[in-house]
Amino acid sequence: MNRERTRTVEGGAGCTPGIQAVHFPDKQSTGGSASERIPGLSDSVIVVTRNRTAALRDICLPALAQQETRAARELIICDASDDRATEELIGAWSAAHPDWPTLYLRAERAGTCSQRNQASAAAHGDIVLFLDDDLELLLGGLDELLDAFRRDGGHEYAGFECTLVEPPELSTHPGHSPLLRALWRAAMHLFGLPTHTGARVVLPSGFPDGTGAKLRSLIPDLRASPGAIQDAEWFRGCCMAFRRTLFVSDNISSDTRLERFGGYALAEDILLCVTVRKRTGRKLGQCSGALAVHYALPGGRCNERARGAMLAYNIWHVWSAAGPSSPGRRFQWLRGQAGQVAISARYGGLQRLHGLVDGWRAIARETHHPVPVTGQDGTR
């Protein structure tokens, strides 16, 4: 490692007891003088990762290094890898980029929710930005996000996210014919499932819907309207930013129950957004000028059986948080699950069908014996 200081954290503020934390050398930010930085606004960029050193090295970290932000910032990596390759990479990257004070945390428990909770508890910034390790934040994206918070002086918004644009290799993909797309959307409408069109909403079935990544050809138009905000009911977890007070004062955290069928924790970002909106009454916004590319590299997610279980169990938690239980809402959830059975017969096979049954059984058990949410400090 590169002159880093390593110590075992013993219950310090914002840290979980016993976690191995590597604090890299103290650095003076070179991202502009104090008068040039955004006054009173600082940013903690959090990346949770597991066995994906190449993605960090080739996609996420180079993009962060190019950001010319005027705000004080820090980078926190929470790593659940089976080896020390990521730790070595972060040590070398930190030494090469003294303008990015960096904290490396060895994950206490592998899982998106657990790792994000651990990292956000150690954050010091006014804003907490969660990035995936295969997310490329395009130039100017960090400052655009921070400017959105600065302009929202009345705290009308609890958080903002980037606008995703398609990776280069997808921009020339011919796609399906208009007829096939129309038939597919009709089938999705029948079961109350996402059609990936229109505004970003949480459907009555509990599934998220909304337009996907923008075409790369639209990048000039998106950048031509800096400051434009579009309201959204949910964020994609690959690039979402929140006020840190949500995790401190409002005691909001990622729901670790969604890791029941694996650390990938499908829909954890959706549930977090629903919780934020319901508990605070504030809005969420998508920044048109903050652009990013999510490459969604294979690996680190789940098999078909686990995916099927999450499409039942995790979506049920989203559905439960989104509104009160009523006969009409229960019908909508069941309708969506029926649609998942039909989709599984076509795409996921028997493994996904078995997973759906696993999820339904877990819901039945939890309905009779509720499982409490685990907070940032590990308490229930």
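The values are calculated or read from the model by the stated rules, or taken from the named source; none is laboratory data. What you see is a predicted model, and the numbers here were worked out from it, not measured in a lab. Virtual Cβ from ideal backbone geometry, glycine too; neighbours counted across all protein chains shown.
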| said: Whether any residue in the stretch 301-321 is over 27 Å from Pro204 (Cα atoms) and either at pLDDT below 95 or small (Gly, Ala, Ser) (or both) is what I want to check. | reply: no
| request: Being part of a loop (DSSP other than H, G, I, E, B), within 22 Å of the chain's Cα centre (by Cα) and not polar (S, T, N, Q) is the filter here, so list the residues in the stretch 205-226 that pass it. | output: Gly206, Phe207, Gly210, Gly212, Ala213, Leu215
| task | Could you figure out which of (1) touching a Lys or Arg at 6+ places or on another chain (Cβ under 6 Å); (2) at positive phi isn't true of Tyr264? | result | (2)
| If we scan the stretch 285-293, do we find a residue that is more than 22 Å from Asp358 (Cβ to Cβ), at pLDDT below 95 and part of a loop (DSSP other than H, G, I, E, B)? | no
| Just for the stretch 259-281: of the residues that are assigned to a helix (DSSP H, G or I) and hydroxyl-bearing (Ser, Thr, Tyr), which one is farthest from Arg236 (Cα to Cα)? | Thr280
| request: Could you tell me whether the stretch 83-100 includes any residue that is touching a residue at least 24 places away in the same chain (Cβ under 8 Å), closer than 23 Å to Pro62 by Cβ and under 18 Å from the mean Cα position of the chain (by Cα)? | output: no
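Say whether the condition of being of a type in the set (Gly, Ala, Ser), in contact (Cβ under 8 Å) with a residue 40 or more places away in the chain, in the same structural domain as Gly111 (by TED's automatic domain parsing) and in contact with a helix residue (DSSP H, G or I) (Cβ under 9 Å, 6 or more places away or on another chain) is met by at least one residue in the stretch 255-262. Steps first, answer last, please.
Applying the first criterion (of a type in the set (Gly, Ala, Ser)) to the stretch 255-262 yields 262.
Keeping just the survivors that are in contact (Cβ under 8 Å) with a residue 40 or more places away in the chain gives 262.
Narrowing the set further to residues that are in the same structural domain as Gly111 (by TED's automatic domain parsing) leaves 262.
If we keep only those that are in contact with a helix residue (DSSP H, G or I) (Cβ under 9 Å, 6 or more places away or on another chain) as well, we get 262.
There is at least one residue in the stretch 255-262 that is of a type in the set (Gly, Ala, Ser), in contact (Cβ under 8 Å) with a residue 40 or more places away in the chain, in the same structural domain as Gly111 (by TED's automatic domain parsing) and in contact with a helix residue (DSSP H, G or I) (Cβ under 9 Å, 6 or more places away or on another chain).
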